[in-house]
Amino acid sequence: MTDPPKSDRRLSDGELLGLHLGGDHQAFAALMERYRRELYAFLYHLTGDSTVAEDAFQEAFLQVHLSAAAFDQTRPFKPWLFTIAANKGRDAMRRRLRRSAAPLDATVAGQDQRTTYADLMPAEIPAPDESLMNLETRRAVETIIARMPENLRAVLLLCYFNELPYKDVADILNVPLGTVKSRLHGAVKHFARQWQATAKRSGHDHEQE
């Protein structure tokens, strides 16, 4: 009989990765399970396709497995994982765009480092730690995010929904810190405009009923 699975509740990401390097396959499975929901959600919203997101998830953890020995375990694991996943997701999107020949809008709003996403996000939008109250709201949020330009969508997902620090997001996207802030400013303004337009359409539809 095999040993019972080790509980990962008391182990850090680095400790699980170290156990994996020592030959504990259950430790790597526990690490994947720890990030399955969060990382898949990020990739799904980044790519807009469940199959592509699942493939990118698997490719990301394959890369983690292959590169684990070279990773500095004194560094946080999550930003490294999301860097790999973001690259895999973008690669998948480029392959898809080459097939569809539909370029993404690369417009970025002007920089304003005095304003944060928290200042701009409409109060009606559920915060990252709140569950969306109904299916209609959740679908509206997902639709707006899916239609955003990729560079704005990625920074919004990482900063707001995954709550990563600006510096980590800059490392993940391989852009300067100021670019993260300016893109985030543009992303939340874009989101706010689309949310207001969605709310107006919804109110108009209800009036006609």
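Can Phe77 be described as over 30 Å from Ile144 (Cβ atoms), touching a residue at least 60 places away in the same chain (Cβ under 8 Å) and crowded, with 18+ Cβ neighbours inside 10 Å? Answer is yes for this residue. Check segment 141-164 and report whether any residue there is modelled with pLDDT of 85 or more, under 14 Å from the mean Cα position of the chain (by Cα), over 23 Å from Met93 (Cα atoms) and part of a helix (DSSP H, G or I). No - not one qualifying residue is present in segment 141-164. So, Leu177, is that one modelled with pLDDT of 70 or more, over 17 Å from the mean Cα position of the chain (by Cα) and not small (Gly, Ala, Ser) or not? Considered against the rule, which asks whether it is modelled with pLDDT of 70 or more, over 17 Å from the mean Cα position of the chain (by Cα) and not small (Gly, Ala, Ser), Leu177 comes out as yes. Residue pairs whose Cβ atoms lie under 8 Å apart, separated by 6 or more positions or on different chains, with the first residue in segment 41-60 and within 10 Å of Ala85 (Cα to Cα) and not assigned by TED's automatic domain parsing to the domain that holds Leu158 and the second of a type in the set (Lys, Arg) and surrounded by fewer than 16 Cβ atoms within 10 Å (Cβ to Cβ), are Phe57/Arg36. Residue pairs whose Cβ atoms lie under 8 Å apart, sitting 6 or more positions apart in sequence or on different chains, and linking a residue in segment 135-150 that is among the aromatic types (Phe, Trp, Tyr) to a partner that is modelled with pLDDT of 85 or more, do not occur here. With respect to (1) farther than 28 Å from Val141 by Cβ; (2) of a type in the set (Asp, Glu); (3) surrounded by 14 or more Cβ atoms within 10 Å (Cβ to Cβ); (4) modelled with pLDDT under 90, the lone exception for Asp55 is condition (1).
The values are calculated or read from the model by the stated rules, or taken from the named source; none is laboratory data. Predicted, not measured: the structure shown is a model, and the values here were computed from it. Note that we place each Cβ from the backbone using ideal geometry, even for glycine, and neighbour counts take in every protein chain shown.
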